[in-house]
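Inspection log for the structure reproduced underneath, given as C-alpha cells.
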Amino acid sequence: MNDFIASLIRSYVPLIVGTVAAFFTARNINLDEHALAGLTAALSGLFYALYYGVVRLFEKYVSPKFGWFLGYAKAPTYKAEQ
C-alpha cells in the first residue's frame, strides 16, 4: 500500500475512535446544545490524542502488531527530500 494512504488511515482511525468515544461520553451529560457541542469537540481531541499515543507506544515497545489498532499495521516511511 502507498505510504501516503497508510498515513491517512493511521491518522483517521484514531480520529474516528476519539469522536465516537466523546459522543458516548457526552451523551449522558445534561448541557445546553452549544455547551454539549464544545464538550464533545474537546473530548474528541483528548480521546484522539490518548488513543493514538497509547497505540503508538504499544506498537513501538510491545509489538508492531498493535499497529492494526490504527487501521494499518505498518507505519509509513518517509524519504528525506533534497
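Values for this structure:
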| quantity | calculated |
| --- | --- |
| Segment 39-45 - phi-based ³J(HN,Hα) in whole Hz, Karplus 6.51/-1.76/1.60, Gly and Pro as x | 5, 4, 5, 5, 5, 4, x |
| Table column - 3J(HN,Hα) (Hz), segment 2-16, Karplus curve with 6.51, -1.76, 1.60, x for Gly and Pro | 4, 4, 5, 5, 4, 5, 5, 4, 5, 8, 7, 4, x, 5, 5 |
| ASN2-ARG27 pseudo-label distance in nm [points 7 Å out on the Cα-to-Cβ vector] | 3.6 |
| Exposure proxy ranking, count of Cβ atoms within 10 Å, fewest first, for LEU57, LEU39 | LEU57, LEU39 |
| Most positive-pole-ward Cα, TYR48, LEU8, VAL62, against dipole of the chain from beta carbon charges | VAL62 |
| Label zone at SER11 (point 7 Å along Cα-to-Cβ), backbone N below 19 Å, segment 23-62 | 44-57 |
| Cα-centred dipole magnitude for the chain, charges only on beta-carbon of K, R (+1) and D, E (-1), debye, nearest 20 | 380 |
| The chain: calculated mean residue ellipticity at 222 nm from DSSP helix runs of at least 4, using -39500 (n - 2.57) | -23000 deg cm²/dmol |
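A short reminder: the numbers here are calculations on the coordinates, not readings from a lab. None of the values given here were measured: they were computed from a predicted structure. Cβ sites come from the backbone with ideal geometry, for glycine too, and all protein chains shown count toward neighbours.
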